[in-house]
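Q: Encoded as structure tokens, here's the structure I'll be asking about.
The values are calculated or read from the model by the stated rules, or taken from the named source; none is laboratory data. Predicted model, so just to flag it, every value in this text is computed and none were measured. Positions of Cβ are backbone-derived with ideal geometry, glycine not excepted, and every protein chain shown enters the neighbour counts. Each accessible area value is taken on the protein alone, full model and side chains, heavy atoms only, with ligands, DNA and RNA left out. Shrake-Rupley method; radii C 1.70, N 1.55, O 1.52, S 1.80 Å.
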Amino acid sequence: MIRSLFVALFFFFGPALLLFMLRNLTLLLLLRAKKKHEQVSEPEVIDITPVKKDRAPNWFYAIVIIVSLASAVTVFIHLQQTDDATIKHYVPAYVDESGNIVTGGWKGKE
């Protein structure tokens, strides 16, 4: 259960981070193209006007949350389906009757 929760959290934050990185990469590429276009078309002028920095639009945050939640819920539900899984328990290493060391491992419950 805990492992499934951690995996689901990974699949929640993973797509969110990827979408934010994609957004930032796209913005950087657009800014680079705009700068290159401005360098070609205009002479160099020093601009000291303050720039208003806007955050991402609300629809982008909504898309990030929806994609992340869908991914996390799908993975969590998939990990909780244990119909065909056999229940196992760990058997530590031991010495059998003939004195041989038997290594530990996961054994199916009977």
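Q: Can you report the number of residues in the range 52-110 which are in contact (Cβ under 8 Å) with a residue 12 or more places away in the chain, within 30 Å of Pro15 (Cβ to Cβ) and of a type in the set (Ser, Thr, Tyr)? Walk me through how you get there before you give the answer.
A: Within the range 52-110, the subset in contact (Cβ under 8 Å) with a residue 12 or more places away in the chain is 56, 60, 63-65, 67-69, 71-76, 79-80, 86-92, 104-109.
Keeping just the survivors that are within 30 Å of Pro15 (Cβ to Cβ) gives 56, 60, 63-65, 67-69, 71-76, 79-80.
If we keep only those that are of a type in the set (Ser, Thr, Tyr) too, we end up with 68, 71, 74.
Final tally of qualifying residues: 3.
Q: Something else now. Can you find even one residue in the range 29-40 that is in a loop (DSSP other than H, G, I, E, B), loosely packed, with under 10 Cβ neighbours inside 10 Å and not acidic (Asp, Glu)?
A: no
Q: Taking the condition in contact with a Leu (Cβ under 7 Å, 6 or more places away or on another chain) and surrounded by 10 or more Cβ atoms within 10 Å (Cβ to Cβ), does Val73 pass? Step through it out loud before you land on a result.
A: Numbers: in contact with a Leu (Cβ under 7 Å, 6 or more places away or on another chain): no; surrounded by 10 or more Cβ atoms within 10 Å (Cβ to Cβ): yes.
Considered against the rule, which asks whether it is in contact with a Leu (Cβ under 7 Å, 6 or more places away or on another chain) and surrounded by 10 or more Cβ atoms within 10 Å (Cβ to Cβ), Val73 comes out as no.
Q: Return the total of residues in the range 1-21 being open to solvent by 100 Å² or more (accessible area, probe 1.4 Å), over 8 Å from the mean Cα position of the chain (by Cα) and of a type outside the set (Phe, Trp, Tyr).
A: 4
Q: Before we move on, is Ala93 among the small types (Gly, Ala, Ser) and surrounded by fewer than 10 Cβ atoms within 10 Å (Cβ to Cβ)?
A: Considered against the rule, which asks whether it is among the small types (Gly, Ala, Ser) and surrounded by fewer than 10 Cβ atoms within 10 Å (Cβ to Cβ), Ala93 comes out as yes.
Q: Would it be correct to say that His78 is open to solvent by 90 Å² or more (accessible area, probe 1.4 Å) and of a type outside the set (D, E, K, R)?
A: So His78 passes the test.
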